[in-house]
1. Can you compute the charge dipole magnitude of the stretch 80-160 about its Cα centre, using +1 on each Lys and Arg Cβ and -1 on each Asp and Glu Cβ, nothing else charged? Give it in debye, rounded to the nearest 20.
2. With r defined as the distance between the Cβ atoms of GLU118 and THR354 and R0 fixed at 45 Å, what FRET efficiency is calculated, to the nearest 0.05?
3. Output the peptides 204-215, 119-130 sorted from most to least packed, where packing is the average of other Cβ atoms within 10 Å over each peptide's residues.
4. With the cut-off at 1.5 for a/c, could you classify the stretch 275-389 from its C-alpha gyration tensor as rounded, prolate or oblate?
5. Given the options GLY356, GLY186, GLY93, state which has the largest fluctuation in a GNM of the chain using a 10 Å cut-off (strictly under) for Cα springs.
6. Arranged by the count of other C-beta atoms within 10 angstrom, fewest first, what order do ILE83, ILE96, ILE260 take?
7. For TRP66 and ASP190, compute 0.36 nm times the residue count separating them, minus their Cα-Cα distance, and round to one decimal in nm.
8. Simple spin-label model, 7 Å along Cα-to-Cβ: THR255 to LEU145 in nm?
Amino acid sequence: MKTDVAIIGAGPAGLLLGHLLRQAGIDTCILERQSAAHVLSRIRAGVLETVTTDLLERLDLAERLWDEALLHDGINLTDGDRIVRIDLKGLTGRPIVVYGQTEVTRDLIDAATDRGLEIVWEAADVALHDVESDRPHVTFRNGGLEQRLDARYIAGCDGYYGPSKQSIPASIASTFELVYPFGWLGLLADVPPCDEEVIYANHERGFALASMRSRTRSRYYIQVPIDTDIDEWPDDRFWDELEMRFGKSIAKRITRGPSIEKSIAPLRSFVFEPLRHGSLLLAGDAAHIVPPTGAKGLNLAASDVAYLADALTAALRANDTSGLDGYSDRALARVWKAERFSWYLTNLLHRFPTAGAFERRMQLAEFDYIAGSTAAQTAIAENYVGLPL
Ligand code: RFL
Ligand code: PHB
C-alpha cells in the first residue's frame with residue numbers, strides 16, 4: 001500500500017487531519033488499532049471551543065452539530081456557598097459548544113467513505129520505520145495478514161499510549177510531566193441536567209463537576225483518590241457525594257437516575273517536545289495531555305491538526321516545507337498556554353492530599369478575587385473559550 005500521509009489513530013486528531021487532507025485533495029490512510037464500534041463507545045469530552053467547531057464547518061461537517069449542540073454563554077464556579085458566573089459571551093464575544101466527542105467522532109467516521117478517506121480498523125502491531133528519511137513506512141497486521149504502508153509523511157495521532165512518539169530518539173526529546181494524586185469518577189445518566197450551564201465546584205470534600213450532553217442527558221464528575229476501586233462506588237453513593245459537594249441550593253435541582261456509563265480517568269499534565277522528527281509529525285494526545293478541568297484536550301488536538309493540515313498541504317502541493325519546519329514551535333506555543341490554564345484551574349478547584357490550611361486559604365482567596373474582579377473573570381473566559389489560532 002502507498003499513500004502521501006499515513007495517519008496512526010482514528011481519534012479526533014487523526015480523523016480531523018484525514019478529512020482536512022482529503023479536502024485538499026491529498027491521499028491519506030488512517031490505521032486504527034480498535035474497531036469503529038469501540039472508538040464510538042468511548043465517553044470523553046463534552047465541551048468544544050468555537051476554534052474546533054470552525055474546523056468542522058470548514059469541512060462542511062457541522063450540520064448535525066448545529067442541530068443538536070447546546071450553546072452556553074457562561075460557566076459557573078462554586079465553593080459550596082457562592083456561585084460565580086463567568087460570562088463567557090459577554091467578556092469574549094464567544095460561547096462554548098456542548099456536543100460530545102462521541103458525536104464529533106461519529107460525524108467524522110460517517111463521512112469518511114463518501115469523501116474517500118480510507119480507515120483501516122483493527123490494525124494490530126503498528127510499527128513506524130525510517131521516520132528520519134523521506135521514505136518512511138508503517139507495518140501492521142490486519143485480517144491475519146502482514147501489511148506495509150509506504151508514505152511521504154507519518155502523522156502520529158495515536159494518543160498517550162500509542163507507539164509514534166517512541167520513534168523519536170530519547171536523546172533529542174524532552175518530556176514534561178505532572179501526575180496528580182487523584183482522578184475523576186464520571187457518571188453518565190439519562191436525566192435532565194441540574195442547570196442550563198456547566199458548574200465546577202470546589203468543596204471541602206473535593207472537586208465536583210456538573211456537565212451535560214443534551215437537555216436529557218447529564219454528565220457528572222467527582223474527584224476521587226487515584227487508587228479508587230470503582231466497585232466501591234454504586235450509583236447511590238455517587239449521587240450522595242455529588243449532592244454534598246454542590247451544596248444545598250444546587251443539590252435540590254439534581255435529578256438522580258441509573259448510570260449508563262461510569263469510569264475513572266486519571267489526571268495528568270504532559271508535554272512531549274519536539275512535535276516533529278524527520279517525516280514524523282505528532283498531534284493531539286500523542287504529544288500532550290491536559291487534566292480535563294479546562295476542557296482543553298480535544299480542542300488542542302483540533303488546533304494542532306489545523307496547523308498540521310495546512311503545513312502538510314503546502315509541503316505536498318507546493319513543495320513549501322516552511323510550515324512543517326515551524327509546526328512544532330507554532331503548535332507548542334498554544335499547547336503550553338492550555339497546559340497553564342488547565343493546571344491553574346486544577347489547582348484552584350481540587351483538594352490536594354498534601355495541602356494544608358494555608359493552601360486552602362489560598363484557594364478561597366483566589367475564589368474571592370475572581371468573584372470581585374472583571375479582569376480575573378476575563379482571563380478565565382478568554383482561555384476557556386479558546387485562545388485564537
Ligand atoms: P485519542 O482520542 O486518544 O485517539 C487516539 C487513537 O489512537 C488509537 N491508537 C492506535 N492506533 C493504531 N495503533 C496503535 N498502536 C494505537 N494506539 C492507540 C487509539 O485507539 C485512539 O483511537 O487522541 P486524540 O485524537 O489526540 O484526541 C484527544 C482527545 O480524545 C482527548 O484530549 C479528550 O478526550 C480530552 N478530554 C476533553 N477534551 C476537551 O477538549 N473537552 C472536554 O470537555 C474533555 N473532557 C477529556 C474530557 C478526557 C477525559 N478522559 C477520559 C481522559 C473528559 C474526560 C473524562
Ligand atoms: C464533560 O462534559 O465531559 C466535561 C465538561 C467540562 C470539563 C471536562 C469534561 O472541563
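1. Roughly 500 debye for the stretch 80-160.
2. 0.35
3. The packing order, highest mean first, is 204-215, 119-130.
4. Prolate, because a/c is 1.5 or more and a/b exceeds b/c.
5. Checking each option, the largest mean-square fluctuation is seen for GLY356.
6. Neighbour counts put them in this order, fewest first: ILE260, ILE83, ILE96.
7. Extra length available between TRP66 and ASP190 comes to 42.5 nm.
8. Those two pseudo-labels are separated by 5.1 nm.
We did not get these values from a lab; they are worked out from the coordinates using the rules stated. This is a predicted model, so every value here is computed, not measured. Glycine gets a Cβ as well: all are built from the backbone with ideal geometry, and neighbour counts include every protein chain shown.
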